[in-house]
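Visitor: Just dropping this structure here.
The values are calculated or read from the model by the stated rules, or taken from the named source; none is laboratory data. This is a predicted model, so every value here is computed, not measured. All Cβ positions, even for glycine, are placed from backbone atoms using ideal geometry, and neighbour counts span all protein chains on display. Note: accessible area is taken over every heavy atom of the protein model, side chains too, but ligands, DNA and RNA are not part of it. Shrake-Rupley method; radii C 1.70, N 1.55, O 1.52, S 1.80 Å.
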Amino acid sequence: MAESEEDRHLKLAGEFDCLPEPLPTLRHSTSHVMAQAVKQLFPEVRVAIGPAIEDGFYYDFAKATPFTPEDLEKIEARMREIVQKDLRFTREDWPREQAIRWFEDHGEPFKVEILRGLDVPTVSVYKQGDFLDLCRGPHVASTGSIKAFKLLSSSGAYWRGDEKNPMLQRIYGTAWLTQEELDKHLWRLDEAKKRDHRKLGREQDLFDFYDVAPGAPFWLPGGMVLVRELERFARESLDARDYQEIATPLLVNKKLWVQSGHWDHYQDNMFKLDVEGEVFSLKPMNCPESAYVYKRTLRSYRDLPIRYSEMGRCHRNERSGTLSGLVRVRQFTQDDAHIYCRPEQLQAEIADLLALVREWYGTFGLPPSYRLATRPPDKLGTEQQWDSAEDALHQALRTNELAYDLDKGGGAFYGPKIDIDVEDALGRQWQLATIQVDLTMLPERMQCEYIDTDGQPKRPVVIHRVIFGSYERFVAILTEHFAGAFPTWLAPVQARVLPISEKHAEYGRQVHARLRQARIRAELDDRNEKLGYRIRDAQVRKVPYTLVVGEREAQNGTASVRARGGADLGALPLERVLEDLRAEIGSRSVTLNVGQTT
Ligand SMILES: [Zn+2]
Ligand SMILES: [Zn+2]
């Protein structure tokens, strides 16, 4: 699973650090200016920490009441005055004891707490005008360098991210090198809000959430169409590649997790149950159980590779405060697979997987980027095993002619991996696929073997991989990527038939029946409403095609077709519409093609 934004915030908050790169430096400097403005306007407020984060910054303040939108406006106006004054950021190194005294004298308990936790003789402080902060730096030269920023929101946040600590007030802001970049970012934020999958999910009857099941969606009929189409897509693709689908139990005895090692390292994230006096848990991942299937019979080198796919429903005990829509859930279904192969087969398997990943994401118009993570300092397995595994990944990427980034030392302790991000229509990056090589963990812990050419038992290499990640998260990403206007093959309703008036209801019913016979998800809208209203309604619901039928259409066996977005395709023979629709759906096109070819 990808590191969430929240994780990154907490990590950054923990280090109260900023990176020596222009944007984070600028953003961190803007957070100091914000803290200065807040102290000037609300002298009773205590300051906590204010790191740069992705796309911006925040600062946490101890304040009895939340900041109001009017407060944020005032703070932003005061920040602009501070920027106007072009105050220099100056650094001083102080003995730690002096810094503790200074912050005690100025009534800043959070800074004192941070200082007491630091095991260093001297610390650095940064000053601009009347504001001084404990900070490692670096900063821009002066406040005049801060040109394009905006305060976005405020919300409660616990000190050091721990709910046992006091609740602070966090103000989020964004800062960019140019006004143009800032404007573009604000547009993206606005667009993201409109496309929010939680909002669209409710509006389009895809899925919903109720407080009786935090972190788990109720799939509504429309959303279930999406899931079923994605499952069908995945199954067709994997069947053609000699995957074998398995399904393993959700509720599993603790014994399994002790053997797999999850009990020692992962049990806090597992839901545990008492069943007839024994401890069971809901599986948080599918890996060890796939090994049971592998081990059912004695395997020979001739049997490998074995590719087990699983639509694995997993549960992880995420804290309720971190749950968010379909993106952070407690229950999810992975498009998981475990490939058991001989070490010399690794490169070919990875190369095939990369081709598969490219094909899948291409279907949704999501361009991927690749990151190869290599051996960490603490690792299992021999240097030679690692050399050949890393080499296999490099070669597989090259065979596919893919550019990739290197994440040195970023691999798991049991093998290197390739992480794959996609970029959505708003230019946001989402980590989806992981191709994880497992040299030792599952094979050793679960004692998987095959008989090699020399008659000796050997350990196979296991590849753990997901491509969608989880169906839940992938549906969230698709919903926002397409802004709810899904390609026809995914759209819950693919066509709507609109008889012009009651007189044409019979032909409307016939057209509707023909579409249904052709297995096209069609609705008949013969409500007693004006045609213009019903056309607009179909557009609002983002139905790909609207078929308007009246006197002329009934006589000629045609339908007047409008594509989503408003394009009027004119009257087309009904058979032609069916044929084009079937072709568009069958090819899983991302574009609307009915009536486009002659
Ligand atoms: Zn700082
Ligand atoms: Zn796995």
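Visitor: With 24 Å as the limit, write out which pairs from LYS164/LYS254; LYS150/LYS542; LYS193/LYS408; LYS74/LYS127; LYS295/LYS408 have Cα-Cα distances beyond it, or answer none.
Guide: LYS164/LYS254; LYS150/LYS542; LYS193/LYS408; LYS295/LYS408
Visitor: Viscosity 1.002 mPa s, temperature 20 °C: give me the Stokes-Einstein translational D for region 222-381 in µm²/s, with Rh taken as the Kirkwood radius over C-alpha pairs.
Guide: 117 µm²/s
Visitor: Restricting attention to region 372-432, which trypsin sites (Lys or Arg not before Pro) occupy a DSSP loop and are surrounded by at most 12 other Cβ atoms within 10 Å?
Guide: When the trypsin sites (Lys or Arg not before Pro) of region 372-432 are filtered for loop state and at most 12 Cβ neighbours within 10 Å, LYS408 remain.
Visitor: Can you list, largest first and rounded to whole Å, the semi-axes you get for region 166-258 by taking the square root of 5 times each eigenvalue of its Cα gyration tensor?
Guide: 37, 23, 19
Visitor: For the chain, list log₁₀ I(q)/I(0) at each q in 0.06 Å⁻¹, using the Debye formula over Cα point scatterers of equal strength and ignoring solvent, two decimals each.
Guide: Here log10 of I(q) over I(0) equals -0.43.
Visitor: I would also like to ask the following. Ranked highest first by average number of other Cβ atoms within 10 Å, how do 570-576, 272-278 line up?
Guide: Taking the mean over residues of other Cβ atoms within 10 Å, the ranking is 570-576, 272-278.
Visitor: Follow-up question, since we're still on this one. Note down the Stokes-Einstein diffusion coefficient of region 296-347 in µm²/s, whole number, using a Kirkwood radius over alpha carbon pairs, 10 °C, and 1.306 mPa s. Don't skip to the end; give the middle numbers.
Guide: Numbers: Rh = 13.9 Å.
My calculation gives 114 µm²/s for D.
Visitor: Could you check how much of the accessible area of region 20-88 is carbon and sulfur, as a whole percent, using a 1.4 Å probe?
Guide: Result for region 20-88: 54 percent of the exposed heavy-atom area is carbon or sulfur.
Visitor: Roughly how large, in nm² to one decimal, is the mean projection of the convex hull of the alpha-carbon atoms in region 76-186? If you can, show how the numbers build up before the last one.
Guide: Details: hull surface 33.2 nm².
Value for region 76-186: 8.3 nm².
Visitor: Sticking with this one: Hey, can you find the accessible area per residue of the chain for me, probe 1.4 Å, expressed in square angstrom?
Guide: Result: 47 Å² of accessible area for each residue.
Visitor: Another question, then. Normalised by the empirical 2.2 N^0.38 Å for globular proteins, what value does the Cα Rg of region 448-524 take?
Guide: Normalised Cα radius of gyration, region 448-524: 2.17.
Visitor: Separate question: Counting other Cβ atoms within 10 Å, which chymotrypsin sites (Phe, Trp or Tyr not before Pro) in region 172-268 have at most 13 and lie in a DSSP loop?
Guide: Listed in order of number, the matching sites are TYR210.
Visitor: Whole angstrom only: what separates the Cα centroid of region 536-580 from the Cα centroid of region 425-450?
Guide: If we compute the Cα centre of each part, the gap is 46 Å.
Visitor: Per-residue ellipticity at 222 nm for the chain, helices alone: DSSP H runs ≥ 4 residues times -39500 (n - 2.57), over residue total, nearest 500 deg cm²/dmol?
Guide: -11500 deg cm²/dmol
Visitor: For region 154-200 and region 294-343, what is the separation of their Cα centres, given in Å?
Guide: Distance between centres, Cα-based: 33 Å.
Visitor: Let me cross-check ASP239: its accessible surface, 1.4 Å probe, with only protein heavy atoms counted, in Å² to the nearest 10?
Guide: Per-residue accessible area (ASP239): approximately 110 Å².
Visitor: Mind running the shape call on region 140-298? Use the C-alpha gyration tensor, a ≥ b ≥ c as the square roots of the eigenvalues: rounded below 1.5 for a/c, prolate if a/b tops b/c, oblate otherwise.
Guide: Because a/c hits 1.5 or more and a/b exceeds b/c, region 140-298 counts as prolate.
Visitor: On to the next question. Just need the relative contact order of region 507-597 here, percent rounded to a whole number, with Cα pairs under 8 Å and 6+ apart.
Guide: Once normalised by length, the contact order is 19 percent.
Visitor: What percent do you get for the relative contact order of region 395-546 when only Cα pairs under 8 Å and 6+ apart count?
Guide: 16 percent
Visitor: Something else: Which values, in whole Å and largest first, are the semi-axes of the equivalent ellipsoid of region 423-488 obtained as the square root of 5 times each eigenvalue of the Cα gyration tensor?
Guide: Here the semi-axes work out to 40, 11, 9 Å.
Visitor: With a 1.4 Å probe and all protein chains left in place, how much of the accessible area of region 136-286 comes from carbon and sulfur atoms, in whole percent?
Guide: Carbon-and-sulfur percentage of accessible area, whole number: 52.
Visitor: Per the Cauchy relation, a quarter of the hull surface: what is the mean projected area of the convex hull of the alpha carbons in region 74-133, in nm²?
Guide: 4.7 nm²
Visitor: While we're here: Extent of region 443-588 along each principal axis, from alpha carbon coordinates, in Å, largest to smallest?
Guide: Principal-axis extents of the Cα atoms in region 443-588, largest first: 79, 29, 22 Å.
Visitor: Roughly how much of SER281 is accessible, in Å² to the nearest 10, using a 1.4 Å probe?
Guide: Probe radius 1.4 Å; accessible area of SER281 about 0 Å².
Visitor: Note the per residue figure in Å³ for the convex hull of the C-alpha positions in region 372-520.
Guide: 206 Å³
Visitor: Counting other Cβ atoms within 10 Å of each Cβ, which GluC sites (Glu not before Pro) in region 308-399 have at most 12 and sit in a DSSP loop?
Guide: The qualifying sites: there are none.
Visitor: With an 8 Å cut-off on Cα pairs and a minimum separation of 6 or more residues, tell me the relative contact order of the chain in percent.
Guide: 10 percent
Visitor: Once label points are set 7 Å from the Cα along Cα→Cβ at both THR453 and GLN517, what is their separation, rounded to one decimal in nm?
Guide: Distance between label points: 6.0 nm.
Visitor: Further, regarding this structure: Give, as a single signed number, the net charge of other residues whose beta carbon lies under 15 Å from the beta carbon of GLN345, with Lys and Arg counted +1 and Asp and Glu -1.
Guide: Combined, the nearby Lys, Arg, Asp and Glu give 0.
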